[in-house]
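Here's the structure we're looking at; comments come further down.
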Amino acid sequence: MTGLRLLPIPGIPEVRPGDDLGALVADGALASVGLLDGDVVVVTQKVVSKAENALVAIDPTDPHAHRRLVAGQSRRILRRRGDLVISETHHGYVCANAGIDVSNVEPGTAALLPEDSDRSARRLRDVFVHRYGIACGVIVSDTFGRPWRRGVTDVALGSAGIRPILDLRGTNDALGRELAVTEVGLVDELAGAADLVMGKSSGIAAAIVRGVEPAWLDVSDLDVDGVVPNIVRSPAEDLFR
């Protein structure tokens, strides 16, 4: 690898329920930074949720409305402190307030997580591949906090056409020792990198990571592509649940 380029995609209009998000992203990319075979397109969860109408009305004057909404979107509540709830969503993500967000949406509205972010990523990739003839990977990203560390970072909620995990087990380190347990969260690292050029208040809803290793886009040996089957850790493997 000679290096990665992080390219924000400007000019994507405000997304509304039912919009063809794949076309909006592709047209924005082609009009600005281009869209090439081998690119990885990172799209924020918020615009995916808007396009898929994963939006609900919420009464801002009801102090219990948000808590009820979080409970309804959670498989179980893990921790609670004041208004902050750490829950496991029905998808299997462990995050704050079941991923529900009221920023960058109309007042009185809350955005839920997409029903199936891996499927959302596949649909976007299908648009890029079949309508525009461009073979690229897709990541749907969202902002998560992290246990034991301050600060938030973007991670992948869903992916398509790119390896979620870079498995280095069985390869050698720089000193020739065999790696026994190293699995790199590839799509999470790319999502976090892309967020650096999208920001939280810039209105940039998508970015391109250009220059990834072509082997990262080969998912032919995976039983199932996507984040949930490959990255989300089951409670049986989790030391803290």
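The values are calculated or read from the model by the stated rules, or taken from the named source; none is laboratory data. This structure is a prediction, so every number in the text was calculated from the model and none was measured. FYI the Cβ positions are ideal-geometry reconstructions off the backbone, even for glycines, and counts take in every protein chain you see. All accessible areas refer to the heavy atoms of the entire protein, side chains included, with ligands and DNA or RNA removed. Shrake-Rupley method; radii C 1.70, N 1.55, O 1.52, S 1.80 Å.
At most 10 other C-beta atoms within 10 Å and a DSSP loop state: those are the exposed chymotrypsin sites (Phe, Trp or Tyr not before Pro) I care about. Give me the longest piece of the chain that has none.
Numbers: sites that count: Trp148, Phe240.
Excluding the exposed sites themselves, the longest stretch runs over 1-147.
If exposed means no more than 12 neighbouring beta carbons inside 10 Å and the site is in a DSSP loop, what's the longest run of the chain without any exposed GluC sites (Glu not before Pro)? Mind dumping the intermediate values first?
Values: sites that count: Glu14, Glu115.
Here the longest run is 116-241.
Is the chain best put as rounded, prolate or oblate by its Cα gyration tensor, with a ≥ b ≥ c the root eigenvalues, rounded for a/c under 1.5, and otherwise prolate when a/b is larger than b/c, oblate when not?
Oblate shape, in that a/c is at least 1.5 and b/c is the bigger or equal ratio.
Could you list the residues of region 1-35 with an amide nitrogen less than 17 Å from a label point located 7 Å from the Cα of Leu55 in the Cα-to-C-beta direction?
Inside the label zone: 12-22, 24.
Roughly how many percent of the accessible protein surface of the chain is carbon and sulfur, given a 1.4 Å probe and a whole-percent answer? Walk me through the intermediate numbers first.
Numbers: 6720 of 12920 Å².
Taking all protein chains in place, the chain shows 52 percent carbon and sulfur surface.
For the chain, set up a GNM with springs between Cα atoms under 10 Å and report which of Pro107, Pro214, Pro147 has the largest fluctuation.
Ranking Pro107, Pro214, Pro147 by mean-square fluctuation puts Pro147 first.
How large is ³J(HN,Hα), in whole Hz, for each residue of region 218-224 in order, when computed from phi with the Karplus curve 6.51 cos²θ - 1.76 cosθ + 1.60 and θ = phi - 60°, using x for Gly and Pro?
Rounded to whole hertz, the list is 8, 10, 5, 8, 7, 5, 9.
Once you charge only the Cβ atoms, +1 for Lys and Arg and -1 for Asp and Glu, what is the size of the charge dipole of the chain about its Cα centre, to the nearest 20 debye? Don't jump to the answer; show the numbers that get you there.
Working: 26 positive and 33 negative charges, 164 e Å.
The calculation lands at about 780 debye.
Given Cα positions, please report Rg to Rh for region 76-191, the hydrodynamic radius being the Kirkwood one.
On the Cα set of region 76-191, Rg over Rh gives 1.06.
Please give the FRET efficiency for Asp223 paired with Leu30, using the beta carbon to beta carbon distance and R0 = 35 Å, rounded to the nearest 0.05. Don't skip to the answer; put the middle values down first.
Values: r = 34 Å, r/R0 = 0.96.
The calculated FRET efficiency here is 0.55.
Based on DSSP H runs of at least 4 residues, each adding -39500 (n - 2.57), what is the mean residue ellipticity at 222 nm of the chain after dividing by all its residues, to the nearest 500 deg cm²/dmol?
Numbers: 6 runs with 52 residues, N = 241.
Theoretical 222 nm ellipticity from helices: -6000 deg cm²/dmol.
How fast does region 170-218 diffuse by Stokes-Einstein, in µm²/s, taking the Kirkwood radius from C-alpha pairs at 4 °C and 1.567 mPa s?
97 µm²/s
Largest first and in whole Å, give the semi-axes of region 1-106's equivalent ellipsoid, each being the square root of 5 times a Cα gyration tensor eigenvalue. Working shown, then result.
Numbers: eigenvalues 219, 65, 25 Å².
Rounded to whole Å, the semi-axes are 33, 18, 11.
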